[in-house]
1. Ignoring everything except DSSP H segments at least 4 long, calculate the 222 nm mean residue ellipticity for the chain; use -39,500 (n - 2.57) per segment, divide by total residues, nearest 500.
2. Calculate the spin-label point distance for Q122 paired with Q31, positioning each point 7 Å from the Cα along the beta-carbon direction, and give it in nanometres.
3. Accessible area per residue for the chain in Å², computed with a 1.4 Å probe and the full protein assembly in place, what is it?
4. Can you work out D for region 1-92 in µm² s⁻¹ from Stokes-Einstein, where Rh is the Kirkwood radius over C-alpha pairs, the temperature is 10 °C and the viscosity is 1.306 mPa s?
5. So if each residue of separation counts as 0.36 nm, and I subtract the Cα-Cα distance between N115 and N9, what length gain in nm does that give?
6. Total Lys pairs in the chain closer than 21 Å by alpha-carbon, pairs eight or more apart in sequence or interchain only?
7. Where does the charge balance sit around C50 when Lys and Arg score +1, Asp and Glu -1, over other residues with C-beta under 15 Å from its C-beta?
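The values are calculated or read from the model by the stated rules, or taken from the named source; none is laboratory data. This one's a predicted model, so the numbers in the text were calculated from it and none came from an experiment. Here Cβ is always computed from backbone atoms with ideal geometry, including for glycine, and neighbour counts include all displayed protein chains. Keep in mind that these areas ignore ligands, DNA and RNA; they rest on the heavy atoms of the full protein, side chains included. Shrake-Rupley method; radii C 1.70, N 1.55, O 1.52, S 1.80 Å.
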Amino acid sequence: LRSALQASNGNHSVANAMAAALRSRSELRKQCQPSDLELMLQLASSSSPCQKEAVEMLGILCSMESHPEDVNRKVCSALMAIDSKKAAVVHEVLIALMDIYGDDDCYPAVFESLNVLSYFQQSAP
């Protein structure tokens, strides 16, 4: 994943295709390495041309595959720290968090300690 993202040079079509592949192919999700996750976190936290897609991929990975609590905490913290004025990015952050925590059994301690509910409430008009 990391090499394809790096080679894409911010090409939205490549990033969108990668997100679609991750959503539909469990074998691809299972191949995700820590370095892939780090690059996605970096792209999601910056004003990268692929920021929205990086957020989407993080949401897919954390909602569709099991992962340790420390990874969940790191991804959630990074998503909640994104300060974008782009509606598409903000929308994708909210969708990712809802996908991750839509299952009540998905790290309730992280959900509570990071005050994700308050984040949702502050995001609502």
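1. -22000 deg cm²/dmol
2. Placing both labels 7 Å along Cα→Cβ, they lie 3.8 nm apart.
3. Accessible area per residue, the chain: 55 Å².
4. In µm²/s, the coefficient is 122.
5. 34.7 nm
6. 4
7. -2
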